[in-house]
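Just so it is clear, none of the values below were taken in a lab; they were calculated from the coordinates. In this text, all values refer to a predicted model and were calculated from it rather than measured experimentally. So basically every Cβ, Gly included, is an ideal-geometry build from the backbone, and we count neighbours across all protein chains shown.
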Amino acid sequence: MKSNQQTLHYKEVQRPNQIWVWAIILGIAILMWIGFFRQVVMGIPFGSNPGSDMQITIFWLLFGIAFPIVMLGWLRLITEVRDDGVYVRFVPFHLTTRVFLFKNMTSYESLEYRPLRRFGGWGIRWNFSGEKAYSISGKQGVLIQVNGEKILIGSREPERLVEVIDQVSRERNK
């Protein structure tokens with residue numbers, strides 16, 4: 001594959017680090033474990049209008065086991081700068097890496113933004129201005145204009161990312 005033969009100039013891997021994200025995910029998982037143990041194991045109905053044991057078991061498998069593993073174990077945003085562009089992959093939601101080629105970029109800049117106000121939060125987001133964001137935490141990133149689209153990539157070190165993009169794109173244009 002061509003992208004594997006290219007030089008990797010920069011790589012940043014971000015994972016969720018906000019305590020409130022962990023609290024929500026673990027809170028949901030704990031509730032599912034309590035419901036499963038209480039109803040399926042002990043035989044005491046869970047809630048005022050309990051579901052069947054099969055429903056409780058399915059919810060437990062999905063939200064008590066799979067959801068926390070996916071969200072806390074696998075969830076990450078990988079940003080790479082290679083010879084031909086910027087590569088972004090939001091694991092586990094992207095099956096393939098999104099590539100933003102230097103030849104299609106018209107501008108890029110590091111910035112500080114308000115994720116809740118601008119995009120309604122973190123993740124893979126769109127706003128009414130037509131911008132798209134890939135972010136996992138924080139309020140810093142790099143805004144890239146590519147093929148007429150504005151793409152915001154969240155970063156813990158946006159100045160370094162812009163510096164590497166500058167360096168690699170200058171070397172390409174020599």
Check: Between Ser137 and Ile28, what FRET efficiency comes out of the Förster formula 1/(1 + (r/R0)^6) with R0 = 25 Å and r the beta carbon distance, rounded to 0.05?
Finding: 0.85
Note to self: How high is the relative contact order of region 17-74? Use alpha-carbon pairs under 8 Å, at least six apart in sequence, and give a whole percent.
What the structure shows: 46 percent
Note to self: Running a GNM on the chain with Cα contacts under 10 Å, which residue among Ser155, Ser48, Ser135 ends up with the highest mean-square fluctuation?
What the structure shows: Ser48
Notebook entry, point to check: About the Cα centre of the chain, what is the dipole size in debye to 20, counting +1 per Lys and Arg Cβ and -1 per Asp and Glu Cβ, all else neutral?
Noted result: 120 debye
Check: Considering the dipole of region 46-174 built from charges on the beta carbon (Lys and Arg +1, Asp and Glu -1) around the Cα centre, which of Ser155, Gly121, Leu77 is farthest to its positive end?
Finding: Gly121
Item checked: Pairwise FRET efficiency - Ile19 versus Leu116, Cβ, R0 = 22 Å, nearest 0.05 -> 0.85
Next item on the list: Just check the chain against the gyration tensor rule for me: Cα atoms, a ≥ b ≥ c as the square roots of the eigenvalues, rounded for a/c under 1.5, and otherwise prolate or oblate depending on whether a/b exceeds b/c.
Entry: prolate
Margin query: Just want to confirm a number: the relative contact order over the chain, from Cα pairs under 8 angstrom separated by 6+ residues, in percent.
Written below: 20 percent
